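Where a number appears in this text, it was derived from the coordinates with a stated rule and is not lab data. These figures come from a predicted structure and were not determined experimentally. Because the Cβ atoms are built from the backbone with ideal geometry, glycine has one as well, and the counts that use them run over all protein chains shown.
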Amino acid sequence: MPKSPEQFNLRKDQEKKIRAEKEIKTPRFLFIDDSETMLSSLRNAFPEKEVAFAECHSVEDALEAIKKYQPEAIFLDHHLTEDMEGEGLEIADRTKGIKIYSTTSDSSAREEYQKRGIENVKKYDLSKFRSIIAGEQKNEK
């Protein structure tokens, strides 16, 4: 008997969650974005176990991911929903003790992050991500 679309999506989501939990115990870096395409390209670029990826579509989802993974640094998108704006700033304001990097392409939002002392990293600048991750690892040792 063929599976309904709902059964397929539920199973796909469950498999993703199980795969993520098996692969990542305590990631040191967390990418938060609402775009699965973006996260997929980053997953391929950073297969390391200390890097986690969370597809979040609300402030609550992102805060839950931060609480779950307790990373040392976060790469955070500014827009996590279609109908709201500025979720990234709210998350940054509610997250203490964790280094945050903005990945927004919104120029006015970048200014707000800069006012808070948060560096912006272009989403597809993989060499910059690698440099930051390598630098954070050196700082730890």
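With a ≥ b ≥ c the root eigenvalues of the C-alpha gyration tensor of region 23-140, is it rounded (a/c under 1.5), prolate (a/b larger than b/c) or oblate? Provide the component values of the computation, followed by the final result.
Details: a/c = 1.35, a/b = 1.26, b/c = 1.07.
Cα axes put region 23-140 in the rounded bin.
What percent does the relative contact order of region 23-140 come to when contacts are Cα pairs within less than 8 Å and at least six residues apart? Before the final figure, lay out each step's value.
Details: 179 pairs, mean separation 26.1, N = 118.
Dividing the mean separation by the residue count of region 23-140 yields 22 percent.
Suppose every Lys and Arg Cβ carries +1 and every Asp and Glu Cβ carries -1, with no other charges. What dipole size does region 23-140 come out with about its Cα centre, to the nearest 20 debye?
Details: 17 positive and 25 negative charges, 154 e Å.
Roughly 740 debye for region 23-140.
Sort 105-112, 67-74 by the packing proxy (mean of other Cβ within 10 Å over each peptide's residues), most packed first. Before the final figure, lay out each step's value.
On the way: 105-112: 13.6, 67-74: 17.9.
Highest-to-lowest ranking by the protection proxy: 67-74, 105-112.
If every alpha-carbon in region 86-134 counts as one equal scatterer, what log10 I(q)/I(0) does Debye give at q = 0.18, 0.21, 0.29 1/Å?
The Debye formula, applied to the Cα set alone, gives -0.56, -0.75, -1.17.
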